[in-house]
Amino acid sequence: MLEPYKAINWNQISDQIDKATWEKLTEQFWLDTRIPVSNDLDDWRTLDDNHKWVFSHVFGGLTLLDTLQSQHGMASLREHVHTQQETAVYNNIQFMESVHAKSYSTIFETLNTPEEIDEIFDWSDSEEFLQTKANKIYNIYKSDGNHLKKKIASVFLETFLFYSGFYTPLFYLGHNQMNNSAEIIKLILRDESVHGTYIGYKFQIEFNQLSENKQQELKDWLYDFLYSLYENEEKYTHMVYDKVGWSEDVLKFIRYNANKALMNLGQDPLFPDRAEDVNPIVMNGISTSTSNHDFFSQVGNGYLLGNVEAMNDDDYNIGGLKERLY
Ligand code: MN3
Ligand code: MN3
């Protein structure tokens, strides 16, 4: 007897969050070709060589990381879904990751010379700490193991490990410089806040069904993994930012975002850093970002998603969905 192949039916939704996320993501669709990055060239020419190096190489790093998301991240999450709509959402996210990867490189391909562009790609394809970061995540994606770990890896990558790169355009945005490049980053932040929340939500549904022992085991793994990523991220940050003296500020910012990633996964924060500890100029850059705050609360049909954390004006990142109440 042939197993029937089922057509996706959007009139029969078992998880309204799938539909709400699909609608949100398709509504905010965008392309890099819409943003005139070349208008940043006047600001670019005022930067010294060290600041130019940082600006272009963080985008090289981000290009690598979203290449990973588009090629392996979503494909690995798609291997284990509960609904056909969840597959559709991952398909949308996967395409947008390709848009993101293209957009980061659009920035340095607009600002830098052809020789510099080649050097940036050579750098991102070989730099030790960047490659370590990408490989730690990639190894989880391609393993046969626990699909919950794949969701953890995806949320850590997008809500934590990207932020050492995001710091730079947000810093300049806070100074009203390089605004078109920042416009791209704002659109990406808007996407990532939905991705992190959605994947964290899917994680929490299954995590909550595990036995207490299994939950504890996974938590231990999760914090160990976060810590090993952080240790590498410290080295990456110093390697990129020591030359302009921003490393300590960037590290505060990434610890703050590591806590956000934990919140997306419904876990307790690890680091003491709070929004007020982060450079206010960077927070100012974030606060101008397009807001998605609280979009899940508009979802009807008996879902009441709690604990959208108030975040001191920075609503770039939706709070963890700690409870799923029926
Ligand atoms: Mn992305
Ligand atoms: Mn994403």
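The values are calculated or read from the model by the stated rules, or taken from the named source; none is laboratory data. Keep in mind that what you see is a predicted model, and the values were worked out from it rather than measured. All Cβ positions, glycine included, derive from the backbone under ideal geometry; neighbour counts span all protein chains shown.
The sole residue among H57, H72 that is under 24 Å from Q131 (Cα atoms), of a type outside the set (D, E) and within 14 Å of ligand 1 (Cβ to nearest atom) is H72.
Collect the residues in the range 61-92 that are among the charged types (D, E, K, R) and more than 13 Å from ligand 2 (Cβ to nearest atom), keeping them in residue-number order. Across the range 61-92, the qualifying residues are R78, E79, E86.
Filtering the range 48-97 to residues that are under 14 Å from L25 (Cβ atoms) and of a type in the set (S, T, Y) leaves T87, Y90. Here F203, F171 are screened, and the one residue that is away from ligand 2 (no atom under 13 Å from the Cβ) and closer than 30 Å to W53 by Cα is F171. Restricting attention to the range 190-235, the residues that are in contact with a Gly (Cβ under 8 Å, 6 or more places away or on another chain), closer than 14 Å to D18 by Cα and more than 16 Å from ligand 1 (Cβ to nearest atom) total 1.
Quick grid of which residues meet (1) without any contact (Cβ under 8 Å) to a residue 24 or more places away in the chain; (2) surrounded by 16 or more Cβ atoms within 10 Å (Cβ to Cβ):
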| residue | (1), (2) |
| --- | --- |
| D42 | yes, no |
| R45 | yes, no |
| D49 | yes, no |
| H72 | no, yes |
| H80 | no, no |
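Checking the range 1-17 against the condition returns no match, with no residue being within 16 Å of ligand 1 (Cβ to nearest atom), within 20 Å of the chain's Cα centre (by Cα) and touching a residue at least 40 places away in the same chain (Cβ under 8 Å).
Checked against (1) of a type in the set (S, T, N, Q); (2) in contact with an Asp or Glu (Cβ under 7 Å, 6 or more places away or on another chain); (3) within 14 Å of M178 (Cβ to Cβ), N39 meets all criteria but (2).
Residue count for the range 18-44 under the criterion of being assigned to a loop (DSSP other than H, G, I, E, B) and either under 20 Å from the mean Cα position of the chain (by Cα) or within 15 Å of T168 (Cβ to Cβ) (or both): the result is 4. If you go through the range 159-177 one residue at a time, do you hit one that is surrounded by fewer than 24 Cβ atoms within 10 Å (Cβ to Cβ), farther than 23 Å from V99 by Cβ and either touching a Leu at 6+ places or on another chain (Cβ under 6 Å) or of a type in the set (G, A, S) (or both)? Within the range 159-177 (the criterion being surrounded by fewer than 24 Cβ atoms within 10 Å (Cβ to Cβ), farther than 23 Å from V99 by Cβ and either touching a Leu at 6+ places or on another chain (Cβ under 6 Å) or of a type in the set (G, A, S) (or both)), the answer is yes, since at least one residue qualifies. In the range 223-234, the count of residues that are assigned to a helix (DSSP H, G or I) and within 16 Å of ligand 2 (Cβ to nearest atom) is zero.
Close Cβ contacts (under 6 Å, 6 or more residues apart or on different chains) running from residues in the range 187-210 that are under 15 Å from A101 (Cα atoms) to residues that are surrounded by 23 or more Cβ atoms within 10 Å (Cβ to Cβ) and modelled with pLDDT under 95 comprise L189/Y316.
Conditions tested, residue by residue: (1) more than 16 Å from ligand 1 (Cβ to nearest atom); (2) in a helix (DSSP H, G or I); (3) farther than 27 Å from G245 by Cα.
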{"position": "T46", "(1), (2), (3)": "yes, no, no"}
{"position": "W53", "(1), (2), (3)": "yes, yes, no"}
{"position": "T63", "(1), (2), (3)": "no, yes, no"}
{"position": "V89", "(1), (2), (3)": "no, yes, yes"}
{"position": "M96", "(1), (2), (3)": "no, yes, yes"}
{"position": "V99", "(1), (2), (3)": "no, yes, yes"}
{"position": "K102", "(1), (2), (3)": "no, yes, yes"}
{"position": "E115", "(1), (2), (3)": "yes, yes, no"}
{"position": "D122", "(1), (2), (3)": "yes, yes, no"}
